[in-house]
Amino acid sequence: MALVKNNLVVKDSWVKVDDEGDLPAGDILVSLTRWTEDRDALLARKGQVGVCLKSDENPEQILQDLSFFQVIALEFPAFTDGRAYSYARLLRERHGYKDELRAVGNVLRDQVLLMHRCGFDAFEIKAPDEKALQIWLDAQKEMTTFYQPTGDGRKTVMSLRQRKRMARGAS
């Protein structure tokens, strides 16, 4: 498993903790169930906390606690289940979540650009070798021009055209 963030393979310092296990030191990712049941204990411990949401767990359940999470991982159980796309856009654009938004599960190369446009900035991928990983990384650079504005901050064609017009008018 590889973690790709900002188009770089990075070390994943986060430990996934199951619902019954002890809480280790360091940065941990917990399920919504674990967060709901052990919220006070999780906040009292040293180390950062992230939450993993399954595709049928709406982020509205954690909106009051967004400031406590340094990572929110949204699951893609199958490539046909797109709820995490909507959840990512809501978290970024409507609720202003600024920390890491991680795509986990069935994260596919062909969908990475759309995931990024929806607000994901980290991707947990299954790459069997270095060549497969490089193909996956290259996929994030395939498109550079966008028509629709989204929460990822990339300039749209319209804004780029306006900037050109303004530059011509200033000279």
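Just so it is clear, none of the values below were taken in a lab; they were calculated from the coordinates. All values derive from a computational prediction rather than experimental measurement. Note: ideal-geometry Cβ built from the backbone for every residue, glycine included; neighbour counts use all protein chains shown.
Restricting the count to DSSP beta bridges whose residues both fall in the chain, what percent are antiparallel, rounded to a multiple of 5? If we restrict to bridges inside the chain, about 25 percent are antiparallel.
Calculated on C-alpha atoms, the gyration radius of the chain divided by its Kirkwood radius gives an Rg/Rh of 1.04. Here the chain is treated with +1 on each Lys and Arg Cβ and -1 on each Asp and Glu Cβ, and its dipole about the Cα centre works out to around 1540 debye. For the stretch 1-56, applying the loop criterion from DSSP together with a ceiling of 10 other beta carbons within 10 Å to the trypsin sites (Lys or Arg not before Pro) yields 11, 46.
Mark the label point 7 Å from the Cα of residue 129 along Cα→Cβ and return the residues of the stretch 1-17 whose backbone N is within less than 19 Å of it. Flagged as within label range: 1-2.
Longer than 22 Å from Cα to Cα, which of 11/126; 11/46; 54/141; 16/126 are they? Say none if no pair is. In this structure, 54/141 exceed 22 Å between Cα atoms.
Under the criterion of Cα pairs below 8 Å and six or more residues apart, the relative contact order for the chain equals 18 percent. With a cut-off of at most 12 other beta carbons within 10 Å, and DSSP calling the residue loop, which GluC sites (Glu not before Pro) in the stretch 7-66 qualify? Please list them. Those satisfying the criteria are 20. Straightening the chain between residue 94 and residue 162 buys 21.9 nm, computed as 0.36 nm per residue apart minus the Cα-Cα spacing.
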